[in-house]
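Accompanying notes for the structure given below.
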């Protein structure tokens with residue numbers, strides 16, 4: 001089974017994650033994805049035999065619309081998701097407004113923004129199409145995710161390496177998923 005098929009199978013078999021994908025799709029936002037730990041944790045939990053697969057502490061919803069890139073819009077969207085499901089910690093971010101905070105050039109899309117995230121295995125997102133097909137975005141591919149490799153990218157290899165190391169420690173990934181390999 002290839003990696004994309006594997007992710008689709010994991011999400012299809014996980015009623016809670018499927019429900020989240022539906023809730024986010026119902027927002028009808030442009031270039032909108034559920035990202036980061038949502039996919040990463042599902043794959044790593046599966047590969048470590050952790051069942052059921054727990055959700056991350058927050059559900060990262062990313063979207064892209066340079067014509068409506070206000071913080072207030074994201075706050076309204078979080079409130080909307082909370083009104084549908086208040087059991088989750090929703091984090092909604094229009095990637096069109098995130099580049100100044102991160103010291104990057106303007107992003108061209110949600111997937112382009114993910115290419116500036118700290119590590120390859122987290123730069124993965126999924127969404128449901130109108131006909132319930134799982135679509136996946138992964139600017140660095142899916143090999144590191146499935147090979148249990150934590151690899152910093154871009155400026156997180158050098159200039160932002162302390163942030164990468166702090167992130168690795170604070171999230172306690174090596175404790176949760178001991179088969180991970182950190183590649184520098």
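The values are calculated or read from the model by the stated rules, or taken from the named source; none is laboratory data. Predicted model only: the values in this text are computed from it and were never measured. Note: ideal-geometry Cβ built from the backbone for every residue, glycine included; neighbour counts use all protein chains shown.
List of remarks:
- Here 134, 124, 150 are screened, and the one residue that is closer than 25 Å to residue 97 by Cβ and under 17 Å from the mean Cα position of the chain (by Cα) is 124.
- Odd one out for residue 49, checked against (1) out of contact with any helix residue (DSSP H, G or I) (no Cβ under 9 Å at 6 or more places or on another chain); (2) surrounded by 15 or more Cβ atoms within 10 Å (Cβ to Cβ): (2)
- For the residues 39, 59, the requirement of being under 15 Å from residue 145 (Cβ atoms), surrounded by 18 or more Cβ atoms within 10 Å (Cβ to Cβ) and in contact (Cβ under 8 Å) with a residue 12 or more places away in the chain singles out 39.
- Within segment 72-93, the only residue that satisfies the criterion of being surrounded by fewer than 17 Cβ atoms within 10 Å (Cβ to Cβ), part of a helix (DSSP H, G or I) and in contact with a helix residue (DSSP H, G or I) (Cβ under 8 Å, 6 or more places away or on another chain) is 84.
- Scanning segment 128-147 for residues that are touching a strand residue (DSSP E or B) at 6+ places or on another chain (Cβ under 9 Å), surrounded by fewer than 17 Cβ atoms within 10 Å (Cβ to Cβ) and farther than 25 Å from residue 16 by Cβ yields a total of 2.
- All positions within segment 148-184 that are assigned to a loop (DSSP other than H, G, I, E, B), without any contact (Cβ under 8 Å) to a residue 40 or more places away in the chain and surrounded by fewer than 16 Cβ atoms within 10 Å (Cβ to Cβ): 158, 159, 172, 183, 184
- For segment 99-115, filtered to residues that are in contact (Cβ under 8 Å) with a residue 24 or more places away in the chain and assigned to a helix (DSSP H, G or I), the residue that is nearest to residue 153 (Cα to Cα) is 114.
- Which listed residue, of 121, 96, 69, is free of Cβ contacts under 8 Å to residues at least 40 places away in the same chain and part of a loop (DSSP other than H, G, I, E, B): 69
- Only residues that are crowded, with 21+ Cβ neighbours inside 10 Å and at positive phi were counted in segment 1-36, giving 1.
- Options 103, 141: the member that is more than 14 Å from residue 59 (Cβ to Cβ), modelled with pLDDT under 95 and in contact with a helix residue (DSSP H, G or I) (Cβ under 9 Å, 6 or more places away or on another chain): 103
- Pairs with Cβ under 9 Å, 6+ apart, first in segment 10-25 and assigned to a loop (DSSP other than H, G, I, E, B), second modelled with pLDDT of 95 or more and surrounded by 15 or more Cβ atoms within 10 Å (Cβ to Cβ): 14/42
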